[in-house]
1. Which of the residues spanning segment 79-122 are within 24 Å of Thr147 (Cα to Cα), acidic (Asp, Glu) and modelled with pLDDT of 85 or more?
2. Considering segment 131-168 alone, what residues qualify as being loosely packed, with under 15 Cβ neighbours inside 10 Å, more than 17 Å from Thr13 (Cβ to Cβ) and either in contact with a helix residue (DSSP H, G or I) (Cβ under 9 Å, 6 or more places away or on another chain) or touching a residue at least 60 places away in the same chain (Cβ under 8 Å) (or both)?
Amino acid sequence: MATWISFDLDWATGDCRGGIAHKCVKRCFGCPGENIGRGNGNSPFYPQDTEEYFTAMRDWLLSLSIKKVVLRDNHGEIGRFLRRGDKVLNFDDHSDDEEIDGFPFVCYNWVSYARNRSIEVEQCKGLEFENIQGPVNLFIAVSRPYTNTSLDGHLFRLLMDLERPVNFNGGA
């Protein structure tokens, strides 16, 4: 049984899709009528608090005992690493809990898929972080093209400051 922190960059930068921020849709690319690009300011804290949110998350993460670091573009990739009985603290600008049958662990339904397999997922909002005892695993979703590039340098610095190997494309 492992505890995971799942951090989607759009938690700090805002989901860039025009008019539908904070709620994922069934199509992840090329949706008609949507602004596809990395961050257009739909987040309630973008751009003025973007760095503040990321910095608060960074400071909290650096205070934890982190065993494993996984970096992926698609949030659904976390499914490859989760096991029955795990707990996930999910920091994301939208819930990813669409009930879609037949599409396990994709970007918009990984939460409902995980919950259906006895994996606890807690949706986290704001800057109130839990006091976690013991080691945790960290999953970071970059979510291109939905996040703004403004935090790319901060993300790179965070990965260096964690002083842990980062799983970029390896197996589970």
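1. Selection gives Glu122 alone.
2. Within segment 131-168, Gly134, Pro135, Asp161, Arg164, Pro165, Val166, Phe168 meet the criteria.
The values are calculated or read from the model by the stated rules, or taken from the named source; none is laboratory data. Note that the coordinates shown come from a computational prediction; the quantities given were computed from them, not determined experimentally. Every residue, glycine among them, receives a Cβ derived from its backbone with ideal geometry; neighbour counts consider all protein chains shown.
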